[in-house]
Amino acid sequence: MKSISAPYHRAHHIFAVFTACAAFVVIAAGALVTSNDAGLSVPDWPTSFGYLVKVPHFVGGIRYEWSHRMLAGTLVTLTLAIACWTYFVERRRWLRWLAVAAFCTVIAQAILGGLTVLLLQPPWVSTAHATVAQTFFCIAVCIALFTGRKFVEEQPRVEFDSRRPSLITLSLFSIFVLYVQLILGGMFRHHGMSWWPHVLNAVIVAFVLAWTAIRAISVYSNIGAVRRPAILMLSLLIAQLCLGFTAFLTRVAWGRSAVQPELPMVASTVAHVAVGALLLATTVVLAIEVWRHVPVAFEERVSQAQRNASVA
């Protein structure tokens, strides 16, 4: 992903950041819907009580479900705008394709959201909807990162990584275990499996992400582009573990017999989902920055061998 020939467009970058923030708001709104058991409060789709834009009476869970739909519709419009804008101003072909992928992803997310209603919330569809939503958020964050001034104009400081496993391997594995956790958590929240696989994998997530962050901070603290997301990832991990424990207490241990979701249960669960989305996106950013700044030492050995061959 070379950026030396790409000009920086400030307005384009700001709009990309705004779109990523809007995606985060939609994720939080979706968590409010699930946490309040409001997923079928509006029984039809793509209309809402037979209308496309008419505001219904905000009774019960309708306020959460309808608001989530309107925010999601706005996000689709924003994504279409950023995709078109990127296509016309960007010289980097791969970034233009990424913007197209963002639009395709948000459409897939909307369709899965509709299927959760039409099929009466089967756990696998609801989980797929949540997973695609966080995937879109990561893509939106990446577009915001790639259009930023530092990514476009600054030459990356490179240090080769000779350790095994390499930092890029740890970063990619961190993304993988987070996706597993996202799927397990979605299945649990949508009553598709018990809680224990989610909790068990949380131990694996904590170990892998802590290993990755500590390696990045301790070895490459002089590279700010790697150090900053690593510190943020470690901080979010600690917050996520605390929120996960709180959500477990309020929803499983204490709230098992609750007639309807109570405020502590809703607040802890929504915060847990929101911080989880930030954690996944931060881990993706870390992997990108590691790929740019800390390539594996094998590349250095190959380059040296090529230089030696040219001299000979």
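Which order do the peptides 151-161, 113-123 take when ranked by the mean count of other beta-carbon atoms within 10 Å per residue, highest first?
Result, highest mean Cβ count within 10 Å first: 113-123, 151-161.
What are the ³J(HN,Hα) values, in whole Hz, obtained from phi via the Karplus relation 6.51 cos²θ - 1.76 cosθ + 1.60 with θ = phi - 60°, for each residue of the stretch 262-273 in sequence order, with x given for Gly and Pro?
9, 4, x, 5, 5, 4, 5, 5, 5, 5, 5, 5
Using the Cα centre of the stretch 1-113 as the reference point, and only Cβ charges (+1 on K/R, -1 on D/E), how large is the resulting charge dipole? Debye, rounded to the nearest 20.
Dipole magnitude for the stretch 1-113 comes out near 600 debye.
How far apart, in nanometres, would the label points at residue 11 and residue 118 be if each is projected 7 angstrom from Cα along the Cα-to-Cβ direction?
3.9
GNM on the chain, C-alpha springs below 10 Å: top fluctuator among 98, 75, 167?
98
Which value in nm describes the separation of the simple spin-label points at residue 238 and residue 211, placed 7 Å from the Cα toward the beta carbon?
Between residue 238 and residue 211, the simple spin-label model gives 2.1 nm.
Evaluate the charge dipole of the chain about its Cα centre and quote only its size in Debye, nearest 20, assuming +1 on the Cβ of each Lys and Arg and -1 on the Cβ of each Asp and Glu.
Dipole magnitude for the chain comes out near 640 debye.
Out of these labelled values of Rg and Dmax of the Cα atoms in Å, [x] 20.4, 67; [y] 18.3, 59; [z] 21.4, 81, which was calculated from the coordinates shown here?
[z]
Of 285, 296, 203, which has the largest mean-square fluctuation in a 10 Å C-alpha GNM of the chain?
203
Can you put 283, 77 in order, fewest other beta carbons within 10 Å first?
Ascending Cβ contact count within 10 Å gives the list 77, 283.
Can you give me the long-range amide H partners of residue 296? Hydrogens built in the peptide plane at 1.01 Å from N, cutoff under 5 Å, separation of 5 or more residues or another chain.
Amide H to amide H, under 5 Å and 5 or more residues apart or across chains, residue 296 pairs with 161.
With a 10 Å cut-off between alpha carbons and a GNM built on the chain, which of 29, 253, 287 moves the most?
253
Between residue 221 and residue 160, what's the calculated FRET efficiency when r is the beta-carbon distance and R0 is 22 Å? Round to 0.05.
Rounded to the nearest 0.05, the efficiency is 0.85.
Working from Cα positions, state the angle (0 to 90°, nearest 10) between the long axis of helix 196-219 and the longest principal axis of the chain.
With both axes taken from Cα atoms, the answer is about 30 degrees.
Compute the angle between helix 10-35 and the longest alpha-carbon principal axis of the chain, please, reported from 0 to 90 degrees and rounded to the nearest 10.
40
Once both axes come from the Cα atoms, what is the angle between helix 93-118 and the longest principal axis of the chain, in degrees from 0 to 90, rounded to 10?
Compared with the principal axis, the helix lies near 20 degrees.
Computed from the coordinates by the stated procedures, all read-outs in this text should not be read as laboratory data. All values reported here derive from a predicted model rather than from experimental measurement. Cβ coordinates were reconstructed from backbone atoms using ideal geometry, including for glycine residues, and neighbour counts include every protein chain displayed.
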